[in-house]
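The values are calculated or read from the model by the stated rules, or taken from the named source; none is laboratory data. Note that the structure is predicted; figures quoted are calculated from it, not measured. We place every Cβ from the backbone using ideal geometry, glycine too, and count neighbours over all the protein chains shown.
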Amino acid sequence: MGPRRAMEDLTTDSRTAQWYRRARSVCEPFMFAAARFRTPWVDDEFAASISTARQWLRDNPSPDRFLGQYFVGMLSAYAEMTNATVARVMELRMVIEQHVEALDRWKRENSLLPGSSPADRGSRAPREARDVLKMPAEL
């Protein structure tokens, strides 16, 4: 690989890291176990929050197609939750967790990219400390 190709890869990686930070910020209320169910599930507030994040993703496509699909998959599962049965909500929570874990893996693997911030390099709490919050039906 010549210097020009290396520079193109660096630029693409930097753009992807910047896009990831912006997408993560837009989706933050949905990405972290402690914050996922902080948004009220009543009326249309939750649906509006999901819709706003989904629109941002449509307007700002990811430079990395696979990375973008994790965000889209996570938000699609949340959008389906607004009308799902309790059993389906439990399934969707597992789907969401899989997408979030894939995003976490991407973050760890790409934390040293140009354009990544020190916050992007932070470590996550052990699995036990970040388990998904239990819904009343699970208690």
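Residue by residue through the stretch 68-94, note down the ones that are surrounded by fewer than 19 Cβ atoms within 10 Å (Cβ to Cβ), farther than 21 Å from residue 45 by Cβ and within 12 Å of the chain's Cα centre (by Cα).
Across the stretch 68-94, the qualifying residues are 68, 69, 72, 73.
Any residue at all in the stretch 104-123 that is in a loop (DSSP other than H, G, I, E, B), at pLDDT 90 or above and surrounded by fewer than 17 Cβ atoms within 10 Å (Cβ to Cβ)?
Here is the first cut: in the stretch 104-123, the residues in a loop (DSSP other than H, G, I, E, B) are 110-117, 122-123.
Subset that is at pLDDT 90 or above: none.
No; the residues of the stretch 104-123 include none that is in a loop (DSSP other than H, G, I, E, B), at pLDDT 90 or above and surrounded by fewer than 17 Cβ atoms within 10 Å (Cβ to Cβ).
Could you list, in sequence order, the residues of the stretch 85-113 that are in contact with a helix residue (DSSP H, G or I) (Cβ under 8 Å, 6 or more places away or on another chain), within 23 Å of residue 63 (Cβ to Cβ) and basic (Lys, Arg)?
Across the stretch 85-113, the qualifying residue is only 107.
How many of the residues in the stretch 29-48 are under 22 Å from residue 101 (Cβ atoms) and either among the small types (Gly, Ala, Ser) or modelled with pLDDT of 95 or more (or both)?
Selection size over the stretch 29-48: 3.
Give me a count of the residues in the stretch 74-98 that are under 15 Å from residue 54 (Cα atoms) and in a helix (DSSP H, G or I).
Qualifying residue count, the stretch 74-98: 9.
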